[in-house]
Each structure stands twice: as structure tokens, then as C-alpha cells.
1. Whole Å is fine, so just give me how far the alpha carbon centre of segment 274-307 lies from that of segment 437-466.
2. Can you tell me the length gained on complete extension of the stretch residue 272 to residue 110, counting 0.36 nm per residue apart and subtracting the Cα distance?
3. At a Förster distance of 25 Å, what's the computed FRET efficiency of residue 140 paired with residue 28, Cβ-Cβ distance as r, to 0.05?
4. Estimate the FRET efficiency between residue 300 and residue 526 by the formula 1/(1 + (r/R0)^6), using the beta-carbon distance for r and 22 Å for R0, to the nearest 0.05.
5. Can you tell me what share of the DSSP beta bridges in segment 345-577 is antiparallel? A percent to the nearest 5 is fine.
6. Quote the FRET efficiency, to the nearest 0.05, computed for residue 500 versus residue 56 with a Förster distance R0 of 51 Å and r equal to the Cβ-Cβ distance.
7. Cβ under 14 Å from residue 348's Cβ, residue 348 left aside: what net charge do those residues give with Lys, Arg +1 and Asp, Glu -1?
8. If contacts are Cα pairs under 8 angstrom and at least 6 residues apart, what is the relative contact order of segment 345-577 in percent?
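Readers should treat all values here as calculations from the given coordinates under stated rules, not as data from a laboratory. Keep in mind that this is a model prediction, so the values were computed, not measured. We place every Cβ from the backbone using ideal geometry, glycine too, and count neighbours over all the protein chains shown.
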Amino acid sequence: MIDQFVVFTSHGQVLYSFSPQGKRLAELQVNKVVSHLITTPARKDELGHKYIILKLDHFVAACHLEKQPPIIFLTTYVAQDLELNREAEQVLDLGTKLWASLGLNETIELNLGKKAPKNEHNYTWVLENCDEQITKFDEYFKAKFNTIKPGKLKGKEPSQVNRAGLQATKPGKKVVSNAKSRKWGRDGVMEDSHHGDTSALDFSAEGSSESTPSAVTEVNKDSFGIRTNKGEFLIKEIDALLSKNKSDVAKNASSSAGAFGFLQKHLLGNKKITEDDLTKVLDKLKHKLITKNVAPEAADHLTSRISQNLVGTTTANWTSVEITARESLQQSLTEILTPGVSVDLLREIQQKTGSTAKKAPYVFSVVGVNGVGKSTNLSKLAFWLLQNNFRVLIVACDTFRSGAVEQLRVHVENLAQLTDEAHTRGSKNKRGKTGNDFVELFEAGYGGSDLVTKIAKQAIKYANDQSFDVVLMDTAGRRHNDPTLMSPLKPFADQAKPDKIIMVGEALVGTDSVQQAKNFNAAFGKERNLDFFIISKCDTVGEMLGTMVNMVYATGIPILFVGVGQTYTDLRTLSVEWAVDTLMS
């Protein structure tokens, strides 16, 4: 299905816009088409031609160019396909014939001929006194559009194709877009910021049966990742599973467009930007960021960067100050979320475990506040590592929370059963431990912080003796603003010396994620920092992805994975483009 149908003048005045998906007018696409037509003028034989195809950045445009009056009819879509080309031609035929039948071309010529007075934006509105005709055009066009047979992409129905036109939405996955979040107060007590129906959210303790995957038969490796020619198993990027809620997008589009408010949208250009020009624009962008759970201090930082980058510069052709500011914000968000260090953990593990000189296991430590899903995400990591044929030792270093060891035992039983169908649940392996030859649990009961360090050191020695490739150490959840609970992290890291320390952050927590990230990053001392973040429960926040920006902004630590559900395959690598697009929507 096409993305949008737009009618505009050669000077960039948008006369009409329609999106079958209820999206906002994609101004950047119109700008690129106008820019292309200016730099590469149409030949005489193209004027009035059926339509021409323009292959531009990330989309295809089908255009019909009218010579008199100088009007462009445009349809855009994300992939070139014969069926889509045919659909675009049908839409253009419908639009041009209906436009002409209502006498709009003649009215435009009259308005241009009599040189109608300019409005407050210093341009002539060519559809002066055409409100009734435009209303009829909109009504008839939408009615006729529904009779056009939708194009298909590679045999898939349009409802199955996501925004990129390449990957089907995961069936049966429910996206929760309600603006619900929770945060921790100064006293360390969790506060729920949502006062309505909270039945859609489950904040059960990690040890509860609800948060422990038991139906191991539901694991779908194909949805989890792909195997390369070298046999490596790579986790997929986040995809249409967490695409923007369509009803919200449609609602935003209709409210911003109004009845025909978008018709008088004018694209400016070649304007020198001043601080006054940016004041209202930056306030608007800051408000948008904050509504997406971006912390005020992070939003201030981003908007100040826009001001520094743009004041004194000149806008591009056919580009307004607001669009220029949005593009600058998009670039700043991309820079923040793009990792500045290698996130190729697979290669690092292979290099360390494959060393013949002194083979040693690769050690991970997973930390975070209470209830964010540390044990669940540790088990997801274990499942990925098992797909790459590593032998994994899971260590129960959470010796505080009741049921923590038992929860990990269930995870190990599940993972053992997934790697060996013949595994009998509850049985011991040849070393008398829970698990099998591929995955095993190292446990030593419950106790104080001294026991944690002791277990970690013993586990690493055991893993080395038994030729395990990877050690995954679970830790107790702790309030980030309680120095007594945070202080044991430094001696733990000094003694265990993990190769990577991963903090699990919760997408639901919102603006308090800045302080959480700062406190945990500082807890290991000046010589050691966090290495990566895993952002859990991203499937519960819809477009409110501010936690990602907050945690990376506060520390400079990159996001390794995002959690999108409760099963072992509900883990994805972060698509920076997707995250920025969602935050900017």
C-alpha cells in the first residue's frame, strides 16, 4: 500500500495530503521530491505524462507533473514492486481526474493570474475560495480510494507488512501503549505514577511463578535470531514487534491536520536562524521528549545542543526552522544512542575462551534495582550463548532475596531441557549439579555480602576447572539511593573481576533512570564502570522510550540488548534508527 498522496505546487505549497495509514504528512519526502525536481528539471516530454518514477532515499516516488497550472501529484511508498507501481498509477489517475473534474486547475490559474494578495506568510494561497471544492475532493477521493485494489509485497497481505515493508509483525503479540510508569522516591520507596487501571501491568516479584517461563515448548528460535555461514547465532534487531501504536499515530495525525489545516502549510528556506526563531520550536521539542519519558535534564541537554548547532546557520531550500530543528534533534538522539565502543560480545568471548595459552571463562555480572528482571534477562543471555555452543555456568549470587536460588534453578532446568530433549527435570548431571553438560547452576544457599564474594570466586575457579566457556553471575536487586546496599558492589567487582558488568534497566521507570544509571555506574569505584545496559520490559511502554536516552545520556554506557517479553527468545539488539524514529513520532 502507498504511504501517502500529496498535491503541491512547484513552489512547495502543499494543497492536499492523504495517508491511508493515518500518518502525518511526510514533509521530508515532499522536500526531497521538490529539491530533486529543482536540481533535475523535468523534460518537456515528461510534463503531463502519465507518471514518472523517482528513486530517492529510502522511498520511491511516483509523480504526475501538470504544466498549467504548475502542480505536482505525488504518491510515495517504501519499496519498488510491480503491484505497488500499478497501485500508484491508479491513485494518480484518480487524483488527477477528480482534481480536474472539480475545476480546481481553473481556479488556481485565476488566482495566479489576478495575483491574489499575499498572506501573513508572504505567499499567495492558490486555493483561495476553494474550500467547498477541496471538501468535495477529499470526500470523493477517500471514497474512491477504498475501491482500489491494494498492492501486495512479496505475497504478503498489507496488514502483515510493517513500516519498512520488509518484515511481518509478530503474530499474537500485544503492544501496550498506555502511559504507565513507576519511579523510586527519595526514600527508596517505589511510587506508581499511574492512578488508573493497573491490571495491564504485572509487578510481581521475580521469584513468582508468573515471571518464570515454564512453557519451554513456546521458544521460537527463528524469531529470536539468525545463524550465519560461520555457525554464529546472532540476535535480531528490534522490529515491528514494538512498532508505533497505529491508533495513536492516526489520532495525532488527525488532530494536527484538522479538517484542512494542513492545506495552508508553507515550506520556507534560506533563512538565517536566530535564538528567537528557535525558542518556541525548542519548547515544543522539549515537551515532546518529556512526554516520551525523557528526563528534563536530558531534554535540556538535547535542546541546548540544537541551539548551539543551529544559531547563525541558514535553513536549506524548502525547509522550515522547525524541520531543521527536528533534523538536528534526530541527529543528536542518534549520536547519543549509537555505541561508541564495540558491542560484538560474541567475538570477545571467542577470543578469550579460544586462547590456548591460558584458557579462562568469560565472566558476566548482572546488576540492577529490585524487580527489573535481572534473572530473566540473564537467562535470555544464557539461551543466546547456548545457541553459539558455549558451555554456560549460571551462578546464584543473589543470596538475599527469598526464592532467588530456586528461580534460577527453574531457569536452568528449562535451558537444559531446551538444549537436550532427553533431559529429565529435577535430575542432576554427572557432577551432581542442576543442569546438564551445556548449562549448569552453581549455588551455595543464602547469606550476607561476604558469602556473595566467596560464591563468585569459587564459581569462577569451578568454571575454569570444568572448562565452562561463560560464567553468568546473578546479583541481588538493590535500591540505587541506599549507600548501605550499594557499597558491597565495589568489593564484589574487585574480587570477582568480571569481564563485563551489565546493568538491567526498566523501560517503565521513566525519569528516575538517570539517577539509577549514575549511582550504579559510580558504585564500582573510579577504576571500574558499567559496560552495557539491557533495557527490559520495552514491550510495555509503547512509544515512551525515554529511559534508553536517559541512561545512556547519564553515563555514556551503550545499550547492548532490549527485553521485549518473558520468554527466552524475547531479546533484541537495539536498532538506533527505530528508537529515534519512535521518539520523534
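1. 48
2. 54.9 nm
3. For R0 = 25 Å, the calculated efficiency reads 0.30.
4. 0.20
5. 15
6. 0.80
7. With Lys, Arg at +1 and Asp, Glu at -1, the net is -2.
8. It comes to 24 percent, rounded to a whole number.
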